[in-house]
Amino acid sequence: MEIKSLYREIVNEHNLYPGHKYDLENPTMVLQGINPSCGDDINLQLRIEDDIITDASFNGSGCAISQASADMMIDLIIGKRKEEALRLAETFMGMIKGTATAGQIESLEEAAALQDISHMPARVKCAVLGWRTMRQMLEEINK
Ligand code: ZN
C-alpha cells in the first residue's frame, strides 16, 4: 500500500469510528474550539487529576480532518502529564510548519498521518483545531 493512502486510511478510520467522541461524565475542563473557515466545531473535554490527563473526549461536528485529528490527539494524551501534552502539541504544530524532526514526528504516533496537511494550507486550521484548543485549556491552568 502506498504511504499516502495508508495515511488517508488512518484519517478515515478515526473519522468514521472515533474512539473518544462522546461527552465525558465528569470533566474538569471543557472548551469549545471553532474553525469558522471550514465550520468545524468541537467541544474538548479533559479530566485532569494531579497534573495528569486521566481521561479526555470530544464532541461536535466538522470535516473528517478536524474530527480525526481530535480523536488521534486524545488517543495520544490520555495518561500523559500536562507538560507532555503541551510538548506534543508543540511537536504537532512543528510538524505542520515543517520544523519538526523525524524523531519528534514519530512521537505523535498516528497523528503523524496528518503531516501532509502542511502542503494543503486550506486544511491546516482543521488539523490543528483540537491541538490548539487543548493548548489553550492547559495554558489556562497556569494562569
Ligand atoms: Zn475542517
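Structural remarks
- Of all residues making up segment 31-59, the number that are within 11 Å of the ligand (Cβ to nearest atom) and assigned to a strand (DSSP E or B): 5
- Test: residue in segment 16-23 that is part of a loop (DSSP other than H, G, I, E, B) and within 16 Å of the ligand (Cβ to nearest atom): yes
- Among (1) crowded, with 20+ Cβ neighbours inside 10 Å; (2) farther than 18 Å from Glu9 by Cα; (3) at pLDDT below 95 - the single one Ala113 does not satisfy: (2)
- Candidates in segment 23-54 are the residues that are touching a residue at least 24 places away in the same chain (Cβ under 8 Å) and open to solvent by 90 Å² or more (accessible area, probe 1.4 Å); of these, the one that is nearest to Ala112 (Cα to Cα) is Gln32.
- Of the helices (runs of 4 or more DSSP H) that lie entirely inside segment 71-143, those containing 1 or more residues that are within 16 Å of the ligand (Cβ to nearest atom) span 82-97, 121-141.
- Screening the candidates Ile52, Ile48, Ile77, Ile96 for the property of being within 20 Å of Asn12 (Cβ to Cβ) and of a type in the set (A, V, I, L, M, F, W, C) yields one hit, Ile96.
- Hey, Ala70 hydrophobic (A, V, I, L, M, F, W, C), buried (at least 18 other Cβ atoms within 10 Å of the Cβ), under 19 Å from Lys4 (Cα atoms) and in contact (Cβ under 8 Å) with a residue 60 or more places away in the chain or not: no
The values are calculated or read from the model by the stated rules, or taken from the named source; none is laboratory data. Source: prediction; values computed, not measured. Glycine gets a Cβ as well: all are built from the backbone with ideal geometry, and neighbour counts include every protein chain shown. When the accessible area is computed, the model is the full protein with side chains, heavy atoms only, and any ligands, DNA or RNA have been set aside. Shrake-Rupley method; radii C 1.70, N 1.55, O 1.52, S 1.80 Å.
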